[in-house]
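Some notes on the structure that comes next.
The values are calculated or read from the model by the stated rules, or taken from the named source; none is laboratory data. Just so you know, these numbers come straight off a predicted model, no measurement behind them. So basically every Cβ, Gly included, is an ideal-geometry build from the backbone, and we count neighbours across all protein chains shown. The accessibility values were calculated without ligands, DNA or RNA, using every heavy atom of the protein model including side chains. Shrake-Rupley method; radii C 1.70, N 1.55, O 1.52, S 1.80 Å.
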Amino acid sequence: MKKYIYLIFTVALFFTAAGVTQAGPRPNVLLITLDTTRSDHLSCYGYVRKTTPNIDRLAEDSVLFKNAVSVIPLTGPSHLSIMTGLHPGSHQVFANAVPVSKKFATMAEILRKDGYETGAFVSVWL
């Protein structure tokens, strides 16, 4: 149970930052991750050239995290941490192409149980 506290806290923090209460409407949740992308070359983070106009428009009406740090510099374990709220030391995945243990609930599974429709568009085999 302790392992899920991090995920619950992360989701609760997101909803609090978005101004959502239990009585209010549920927000749409869209998570965009870009692998090997430098934030200092994205317009929404202050880059002077307009390199990402679609992401910029989305960011205008969204929660944009300006101080995010990866817990591990590998795509698979990093995304697993994002999706579970767990540090690699807790989920024990330290390499790409390692499947997640069924004992850990993902953000999509938790949101689905709460009535959200979930889906993913993935462009890499990991």
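What the table below lists for this structure:
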read-out	value
Nearest-20 debye value, the stretch 31-126 charge dipole, Cβ charges on Lys, Arg, Asp, Glu	160 debye
Solvent-accessible heavy-atom area per residue, rounded to whole Å², over the stretch 42-88 at 1.4 Å	66 Å²
Cleavage-rule hits (GluC sites (Glu not before Pro)) in the stretch 40-126: DSSP loop, at most 14 neighbouring Cβ within 10 angstrom	GLU117
Sequence of LYS113, LYS66 from largest to smallest accessible area, 1.4 Å probe	LYS113, LYS66
Karplus-derived 3J(HN,Hα), 6.51/-1.76/1.60, for each residue of the stretch 55-71, Hz, glycine and proline x	5, 4, 4, 5, 5, 4, 10, 10, 7, 10, 7, 9, 9, 10, 10, 6, 7
5 angstrom amide H check on LEU42, placed H, neighbours 5+ away	TYR47
